[in-house]
Amino acid sequence: MSSAIYPGTFDPLTMGHVSLVRRARTVFDRITVAVAKDTTKTPLFTLEERVAMAREVFAFDDGIDVEDFSGLLVDYVARKGAGVIMRGLRAVSDFEYEFQMALMNRKLHRDIQTVFLMTDYQWMYLSSTIIKEAAKHGANIKGMVPDQIVPHVYARFAELRAQGKL
């Protein structure tokens with residue numbers, strides 16, 4: 001059985017992420033969407049919220065698991081026995097960073113491979129950061145994130161506005 005780990009902060013999960021997971025399922029028997037606890041970013045959602053939302057989105061497929069992880073990704077992948085890290089590339093600008101990470105991960109664990117999938121052209125412009133910025137200013141994000149996620153994003157920004165944090 002082939003399996004891959006798809007790591008990220010998924011804050012929030014976008015249609016680009018969903019597309020990559022669905023496409024990866026045609027290559028791998030099992031995908032684990034690994035939601036990172038440790039991040040240099042300041043997440044909009046808690047780790048628990050990000051995991052719960054991703055589980056809701058991927059509930060349609062028993063071959064997709066959603067888990068949180070902390071620490072080094074390659075250590076997590078080794079513990080899971082997956083052997084493959086799956087990453088998405090939107091543009092050439094993503095490649096340099098992802099290539100550097102893949103080489104470092106390979107240096108740390110030679111038996112773990114990184115597989116890159118190109119994002120579908122319709123999602124190339126999309127990132128969680130762009131989604132959050134648009135939603136913060138009241139833009140319509142429907143169709144850019146899964147339907148289940150839309151109300152969570154708007155509700156969080158409403159909470160932040162009510163608290164005077166925006």
Exercise. Please list, ordered by first then second residue, the pairs with beta carbon atoms under 6 Å, 6 or more apart or interchain, first in segment 27-49 and farther than 14 Å from Lys80 by Cβ, second surrounded by 16 or more Cβ atoms within 10 Å (Cβ to Cβ) and among the hydrophobic types (A, V, I, L, M, F, W, C).
Key: Lys37/Leu47
Quiz item: Going by the conditions given, is Ala102 without any contact (Cβ under 8 Å) to a residue 60 or more places away in the chain and surrounded by fewer than 16 Cβ atoms within 10 Å (Cβ to Cβ)?
Solution: no
Quiz item: Tyr154 is checked against (1) touching a helix residue (DSSP H, G or I) at 6+ places or on another chain (Cβ under 9 Å); (2) of a type in the set (Ser, Thr, Tyr); (3) outside any helix (DSSP H, G or I) and fails just one. What number does that condition carry?
Solution: (3)
Self-check item: Conditions (1) among the aliphatic types (A, V, I, L, M); (2) in contact (Cβ under 8 Å) with a residue 12 or more places away in the chain; (3) farther than 19 Å from Lys37 by Cβ; (4) not in a helix (DSSP H, G or I): number failed by Ala139
Solution: (2)
Exercise. Search segment 105-131 for residues being buried (at least 19 other Cβ atoms within 10 Å of the Cβ) and touching a residue at least 60 places away in the same chain (Cβ under 8 Å), and hand back the single one that is farthest from Gly88 (Cα to Cα).
Key: Ile131
Exercise. Considering only residues that are among the β-branched types (Val, Ile, Thr) and assigned to a helix (DSSP H, G or I), look in segment 47-101 and name the one that is modelled with the lowest pLDDT.
Key: Val92
Quiz item: For Leu126, all conditions in the list (1) closer than 17 Å to Ala24 by Cα; (2) in a loop (DSSP other than H, G, I, E, B); (3) within 14 Å of the chain's Cα centre (by Cα) hold save one; what is the number of the exception?
Solution: (1)
Quiz item: Within segment 61-70, is even one residue over 13 Å from Gly8 (Cβ atoms), free of Cβ contacts under 8 Å to residues at least 40 places away in the same chain and within 16 Å of the chain's Cα centre (by Cα)?
Solution: yes
Self-check item: Positions within segment 78-106 being of a type in the set (Val, Ile, Thr) and either under 16 Å from the mean Cα position of the chain (by Cα) or closer than 21 Å to Arg25 by Cβ (or both), in sequence order
Solution: Val84, Ile85
Quiz prompt | Filter result for the condition that a residue is at positive phi and surrounded by 14 or more Cβ atoms within 10 Å (Cβ to Cβ), over Gly83, Gly138 | solution = Gly83
Self-check item: Subset of segment 8-36 [crowded, with 16+ Cβ neighbours inside 10 Å and either acidic (Asp, Glu) or assigned to a loop (DSSP other than H, G, I, E, B) (or both)]
Solution: Thr9, Phe10, Asp11, Pro12, Leu13, Thr14, Arg25, Phe28
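The values are calculated or read from the model by the stated rules, or taken from the named source; none is laboratory data. Just so you know, these numbers come straight off a predicted model, no measurement behind them. Methodologically, a virtual Cβ is constructed for each residue, glycine included, from the backbone with ideal geometry; neighbour enumeration extends over all protein chains shown.
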